[in-house]
Amino acid sequence: MIRSRCALTGNTTCRHTLTGHSGKVMASKFLGEPTKVITGSHDRTLKIWDLRSKMCTETKFAGSSCNDLVTSDGAGSTIISGHFDKRIRFWDIRTEMSANDIMLQGKVTSLDLSRDNNFLLACVRDDTIQLIDLRMNTIVRSFSHESFKVGCDWSRAAFGPGGRLISVGAADGAVYVWNTYTGRLETILKDHASAVTAVSWHPQSGLLASVDRGKRAIIWGEL
């Protein structure tokens, strides 16, 4: 059985060990309150946990390995998960089955929500980044470039502050930054020697962090 561990900020002591998945746990999020967590795994399930009892209270059977998930409202009632079968699934925690899904052209490696919860960013193994308007459940823009290749099955793309920019790492060690309003490629940042697996923006500034498979992290100046 696979374990997922939780620790509180400012305290390095492990506070919770949650045991139940039979495959790698790829993502976890709080469900609107500090006592509930949802996890997604390569065992093709999502699990909801009660941290007070340290027990799994519900298992959702997705039918495909989950590589990332987000919750799209403050109450945590809607869950969105990205899967290896090229689908993005939408879940209402009050029901057992997924409400609907969106089929893409490649494995979904990551998901990210805009700050207003209106847009979803999906990194896809067909070497595209898809921008989805959640109010219509429709793809409104696709980002790609002739030299951009997704580096691995868990590559993470991210919205910048305010949602104007998005960034993602590539197989060639570069970080690509697009403008969500125009679809224009703003810049390509080159300094990594191996595939970039994840990026993260500072929430109040244009600072960007990226990490690669060679265990190197870079902080880029404001964009």
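The values are calculated or read from the model by the stated rules, or taken from the named source; none is laboratory data. Everything numeric in this text was worked out from a predicted model, so none of it was measured. Cβ atoms come from the backbone with ideal geometry, glycine included; neighbour counts cover every protein chain shown. Remember, those area values only see protein heavy atoms, side chains included, never the ligands or the DNA or RNA. Shrake-Rupley method; radii C 1.70, N 1.55, O 1.52, S 1.80 Å.
Assorted remarks:
- Average silhouette area of the chain, convex hull of alpha-carbon atoms, in square nanometres: 12.1 nm²
- Modelled spin labels at residue 193 and residue 94, positioned 7 Å past Cα toward Cβ, are 5.5 nm from each other.
- The stretch 65-146: trypsin sites (Lys or Arg not before Pro) falling in loop per DSSP and having at most 15 other Cβ within 10 Å: 94, 115, 135
- Within straight-line reach of residue 190, meaning a Cα separation under 25 Å, sit the following lysines at least 8 residues removed in sequence or on another chain: 149, 215.
- By the rule of a C-alpha distance below 23 Å, with chain neighbours fewer than 8 residues away ignored, the lysines paired with residue 36 are 24, 47, 54, 60.
- Spin-label zone in the stretch 181-223 - amide nitrogen under 12 Å from a point set 7 Å from the Cα of residue 147 along the C-beta vector: 187-191
- Binning the alpha carbon pair distances of the stretch 133-214 at 10 angstrom intervals from zero yields the distribution 19, 50, 28, 3, expressed in whole percent.
- Label point at residue 117 placed 7 Å out along Cα→Cβ; residues across the stretch 148-181 whose backbone nitrogen lies under 18 Å: 159, 162-163
- Taking 146, 33, 58 in turn, the Gaussian network model of the chain (Cα-Cα springs below 10 Å) assigns the largest fluctuation to 146.
- Largest first, the extents of the alpha carbon coordinates of the stretch 77-133 on the three principal axes equal 34, 27, 14 Å.
- Computed from label points 7 Å out along Cα-Cβ, the spacing between residue 85 and residue 35 is 3.4 nm.
- Net length available on complete extension from residue 219 to residue 205 is 3.8 nm, with 0.36 nm assigned per residue and the Cα-Cα distance removed.
- Of the solvent-accessible surface of the stretch 122-209, computed with a 1.4 Å probe and all protein chains present, 49% belongs to carbon and sulfur.
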